[in-house]
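K.L.:
Submitted below is the structure of interest, expressed as structure tokens.
The values are calculated or read from the model by the stated rules, or taken from the named source; none is laboratory data. Computed from a predicted structure; not experimentally measured. Note that we place each Cβ from the backbone using ideal geometry, even for glycine, and neighbour counts take in every protein chain shown. Just so you know, the surface numbers come from the protein's heavy atoms only, side chains and all, with ligands and any DNA or RNA stripped out. Shrake-Rupley method; radii C 1.70, N 1.55, O 1.52, S 1.80 Å.
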Amino acid sequence: MNQPVLECKNICFSYHNLKGETKALTDISFQVNKGEFLAIVGPSGCGKSTLLSIIAGLLSPESGEVLLNHQEQVKIGYMLQQDHLLEWRTIWKNVLLGPEITKTLSPEKEALALKLLSDYGLSKFKDKKPGELSGGMKQRAALIRTMVMEPGLLLLDEPFSALDYQTRLMVSADIGNIIRASGITAILITHDLSEAISLADRILVLTRRPATVKKELPIRLTLQENSPLGARNAPEFQELFTQLWKEISDEYCGGS
Ligand code: ADP
Ligand code: MG
């Protein structure tokens with residue numbers, strides 16, 4: 001049975017500062033099931049990062065609730081646009097940062113980190129500093145650092161947007177495959193509609209600010225080759241893209 005890992009119920013949020021109030025989110029409700037990969041798209045500045053910060057517990061909603069599956073004590077992993085690797089630490093030391101800070105470093109954690117480095121092709125770079133790695137490798141190292149904490153829910157805030165187009169295609173496919181293979185529940189924020197269609201099981205379209213859920217689009221592709229790059233060749237891909245593009249551009253044009 002599908003069990004929600006996360007349920008957002010009627011979330012509202014505003015920022016307050018000296019200039020006054022900025023309403024960012026109104027009445028956002030949705031849920032994410034175990035093992036599901038949800039993408040969230042919406043106009044720039046509509047409140048996507050704010051929503052992720054609320055889910056991560058970094059901000060409190062003004063009203064509404066974020067419910068995490070308490071039977072499983074869901075731990076949240078958060079991956080941002082910048083890899084935020086610490087330049088003075090080796091990749092190995094970066095990857096083990098979470099367990100070190102939370103004082104959960106153990107031989108098992110080290111074994112898991114070694115396995116992930118090996119699975120994701122970074123074993124050879126274990127003793128290198130981040131500056132010696134390509135952008136794609138650094139994003140992979142950042143993902144490993146997040147995965148070492150064994151999160152029940154992975155939050156990804158435009159994790160590929162600092163990469164150039166070619167690298168982005170490869171790295172997003174690569175990371176999409178890793179997340180799928182691990183069966184982890186994930187929420188990806190992206191402004192790249194093709195990326196959302198090729199990676200997600202379902203796409204949530206948000207309106208312009210203050211954001212609310214405009215549409216939920218399940219993604220079912222007829223695939224020859226089951227991979228994010230293969231997904232771009234699915235017969236349904238173009239129609240989904242056009243549909244999403246229309247939803248989003250209506251928001252920019254001030255449509256309904
Ligand atoms: P998105 O991630 O969709 O681009 P954000 O969630 O970052 O949007 O921001 C939503 C809106 O809230 C934007 O208009 C932004 O300017 C505003 N905002 C974000 N952070 C703050 C803040 N700390 N104080 C005031 N306004 C903010
Ligand atoms: Mg953002």
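K.L.:
Step through the residues of segment 52-65 one at a time and calculate ³J(HN,Hα) from phi using the Karplus curve (6.51 cos²θ - 1.76 cosθ + 1.60, θ = phi - 60°), rounding each to whole Hz and writing x for Gly and Pro.
P.N.:
The phi angles translate into 5, 5, 5, 4, 6, x, 7, 10, 9, x, 5, 8, x, 9 Hz.
K.L.:
Let me ask you something else. Which angle between 0 and 90 degrees, to the nearest 10, do you get for helix 237-252 versus the longest principal axis of the chain when only C-alpha atoms count?
P.N.:
60 degrees
K.L.:
Run lengths n ≥ 4 of DSSP H only: what is the helix-derived mean residue ellipticity at 222 nm for the chain, with -39500 (n - 2.57) per run over all residues, to the nearest 500?
P.N.:
-10000 deg cm²/dmol
K.L.:
Considering only protein heavy atoms and a probe of 1.4 Å, how much of the accessible area of the chain is carbon and sulfur, as a whole percent? If you can, show how the numbers build up before the last one.
P.N.:
Details: 6650 of 12810 Å².
In the chain, the share of accessible area belonging to carbon and sulfur is 52 percent.
K.L.:
Which three numbers, in whole Å and largest first, are the semi-axes of the equivalent ellipsoid of segment 142-222 derived from its Cα gyration tensor as √(5λ)?
P.N.:
Largest first, segment 142-222 gives 21, 16, 14 Å.
K.L.:
Note the direction-averaged projected area, equal to a quarter of the hull surface, for the Cα convex hull of segment 197-256, in nm².
P.N.:
4.1 nm²
K.L.:
Where nothing but the Cβ of Lys and Arg (+1) and of Asp and Glu (-1) is charged, how large is the charge dipole of the chain around its Cα centre, in debye to the nearest 20? All intermediate terms of the calculation are to be shown ahead of the outcome.
P.N.:
Numbers: 28 positive and 30 negative charges, 99 e Å.
Here the chain has a charge dipole of around 480 debye.
K.L.:
Hey, another quick one. Starting from the amide H of Gly77, placed 1.01 Å from N in the peptide plane, find each other amide H under 5 Å away whose residue is 5 or more places distant or on another chain.
P.N.:
Those qualifying (amide H under 5 Å, at least 5 residues apart or on another chain) are Gly152, Leu153, Leu154, Leu155.
K.L.:
Taking a probe of 1.4 angstrom, what is the accessible area of Ile219 in Å², to the nearest 10?
P.N.:
Approximately 20 Å² for this residue.
K.L.:
Can you put Cys12, Cys253 in order of accessible area, largest first, using a 1.4 Å probe?
P.N.:
On the way: Cys12 25, Cys253 110 Å².
From most exposed to least exposed: Cys253, Cys12.
K.L.:
For a test of the definition: using alpha carbon positions, the gyration tensor, and the 1.5 limit on a/c, classify segment 99-237 as rounded, prolate or oblate.
P.N.:
Prolate, since a/c reaches 1.5 and a/b exceeds b/c.
K.L.:
Let me ask something else about it. Using the structure shown, select from Lys9/Lys75; Lys138/Lys246; Lys9/Lys214; Lys48/Lys246 the pairs with a Cα to Cα distance greater than 26 angstrom.
P.N.:
Numbers: Lys9/Lys75 19 Å; Lys138/Lys246 34 Å; Lys9/Lys214 15 Å; Lys48/Lys246 19 Å.
The answer is Lys138/Lys246.
K.L.:
Now for a different question. Between Ala113, Gln139, Gly152, whose Cα lies farthest towards the positive end of the dipole of segment 99-167 when Lys and Arg beta carbons carry +1 and Asp and Glu beta carbons carry -1, centred on the Cα centre?
P.N.:
Farthest towards the positive end: Ala113.
K.L.:
Another question about this same structure. Quickly work out the Gln31-to-Lys126 label distance, labels modelled 7 Å from Cα along the C-beta direction, and quote it in nm with one decimal.
P.N.:
In this crude label model, Lys126 to Gln31 measures out at 4.3 nm.
K.L.:
Related question: Which ³J(HN,Hα) values in Hz, rounded to whole numbers, follow from the phi angles of segment 177-187 under the Karplus curve 6.51 cos²θ - 1.76 cosθ + 1.60, where θ = phi - 60° and Gly and Pro get x?
P.N.:
5, 4, 5, 4, 5, 7, x, 6, 7, 9, 10
K.L.:
Here's a follow-up. Could you tell me whether segment 1-100 comes out rounded, prolate or oblate from its Cα gyration tensor? Rule is a ≥ b ≥ c as square roots of the eigenvalues, rounded for a/c under 1.5, then prolate if a/b exceeds b/c, otherwise oblate.
P.N.:
Here segment 1-100 falls in the oblate category.
K.L.:
Distances over 31 Å make up what percent of all Cα-Cα pairs in the chain?
P.N.:
Pairs farther apart than 31 Å: 26 percent.
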